[in-house]
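Below is one structure; the comments refer to it alone.
The values are calculated or read from the model by the stated rules, or taken from the named source; none is laboratory data. Everything numeric here is computed off the predicted structure, so don't read it as measured data. Counting neighbours? That spans all protein chains shown, and the Cβs are built from the backbone with ideal geometry, glycine included. Keep in mind that these areas ignore ligands, DNA and RNA; they rest on the heavy atoms of the full protein, side chains included. Shrake-Rupley method; radii C 1.70, N 1.55, O 1.52, S 1.80 Å.
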Amino acid sequence: VPLNSIAGWDYFAYNDTRSKTKVTGLYAQDEISVSENTLINIGGRYDRFKLYGNTRYDWDNFGTNTLRIDPDSSDGIFNPRLGVRHKLAEHASVYASYGTAYQPSLNGLRYRANATCNSPDLKSERSESFEMGLNQDWAGLSAKVAIFHTNYKDKIEGRRSVFCTQYINVGTVAVDGLELA
């Protein structure tokens, strides 16, 4: 039985004298009761990125300034989510969830003010996360314990040098954690 459905879209546009970016997102989520004590949450989000060429002056390590217009780029990605929550008692529940995430390689990360720090082949970062946890309420106080694991592919990381920060992809990264609240 559907309980709590939401759907919508959002739009973000950024313009200044040097660059222009547009992001459009569509999302939907539904919470479904499969029994008196068990809920399933299913959803997803699609984002479309349009990155217009930045206009900027590059300088090199010899003091030369060059007017550059970076290439336009675009990308689209769908990120699903799935979760289940089971009520153990009146004020206690366990849950598990899975989801993906995405960070685009924006022009501002690929093309830097110093041409020697450009990363035109920078790939977008993707990740998938798994989480399991327990929630407990006592007389108006809430407690949560959770463990999680996230796998990153093409993680974007900034490397600082004397001249600038250059963004690069780090192959694969795994993060494991424990959260107490």
* At 7 Å along the Cα-to-beta-carbon direction for both residue 88 and residue 50, put a label point, then send me their distance in nm to one decimal. => 5.0 nm
* When the distances between all Cα atoms of region 94-181 are binned every 5 Å from zero, what whole-number percent does each bin get? -> 3, 13, 18, 14, 12, 11, 9, 8, 6, 4, 2, 0
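Per residue, how much accessible area does the chain show when a 1.4 Å probe rolls over the protein heavy atoms, in square angstrom? Each step should come with its number before you reach the end.
Numbers: 11480 Å² over 181 residues.
Result: 63 Å² of accessible area for each residue.
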* Structure fact -> For residue 153, the aspartates and glutamates lying under 16 Å Cα to Cα, once residues fewer than eight places off in the same chain are dropped, come out as 121, 125, 128, 176
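For every other residue with a beta carbon closer than 15 angstrom to the beta carbon of residue 134, add +1 if it is Lys or Arg and -1 if Asp or Glu, then tell me the sum. Working shown, then result.
On the way: positive: 85, 87, 144; negative: 90, 131, 137, 179.
Within the 15 Å Cβ shell, the charges total -1.
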* Can you list the lysines whose alpha carbon sits under 19 Å from that of residue 155, skipping same-chain ones fewer than 8 residues off? -> 123
* **Percentage relative contact order, the chain, counting C-alpha pairs under 8 Å, at least six apart** => 14 percent
* Within the chain, helix-based [θ] at 222 nm, where runs of 4 or more DSSP H residues each add -39,500 (n - 2.57), nearest 500 -> -500 deg cm²/dmol
* Considering only protein heavy atoms, what is the solvent-accessible area of residue 130 at a probe of 1.4 Å, reported in Å² to the nearest 10? -> 90 Å²
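Ranked by accessible surface with a 1.4 Å probe, highest first, in what order do 46, 95, 11, 52 come?
Largest to smallest exposure gives the sequence 11, 46, 52, 95.
Suppose R0 equals 25 Å. What FRET efficiency, 1/(1 + (r/R0)^6) with r the Cβ-Cβ distance, do residue 30 and residue 132 give to the nearest 0.05? Please list the in-between numbers first.
Details: r = 21 Å, r/R0 = 0.86.
Approximately 0.70, to the nearest 0.05.
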* Asked: Within the chain, which is the longest segment containing none of the trypsin sites (Lys or Arg not before Pro) that sit in a DSSP loop and have at most 16 other Cβ atoms within 10 Å?
  -> 19-122
* Asked: Over all distinct Cα pairs, what is the inverse of the mean 1/r for the chain, reported as the Kirkwood hydrodynamic radius in Å?
  -> 19.5 Å
* For residue 118, which sequence-distant residues (separation of 5 or more, or a different chain) have an amide H within less than 5 Å of its own amide H, given hydrogens modelled in the peptide plane? -> 112
* Inter-probe distance in nm under a simple model that places probes 7 Å from Cα toward Cβ, at residue 98 and residue 115 -> 4.8 nm
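Between residue 73 and residue 173, what is the FRET efficiency for a Förster distance of 25 Å, r being their Cβ-Cβ separation, to the nearest 0.05?
Numbers: r = 24 Å, r/R0 = 0.96.
My answer for the efficiency is 0.55.
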* Sequence-distant aspartates and glutamates (8 or more away, or on other chains) whose Cα lies within less than 14 Å of residue 144 -> 131, 179
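Loop by DSSP (not H, G, I, E, B), at most 16 other beta-carbon atoms within 10 Å: where is the longest site-free stretch of the chain for GluC sites (Glu not before Pro)? Intermediate values should be presented prior to the final figure.
On the way: sites that count: 36, 90.
So the longest stretch without any such site is 91-181.
Using +1 on the beta carbon of Lys and Arg, -1 on that of Asp and Glu, and nothing else charged, what's the dipole of the chain about the Cα centre, debye to 20?
Values: 20 positive and 21 negative charges, 128 e Å.
The calculation lands at about 620 debye.
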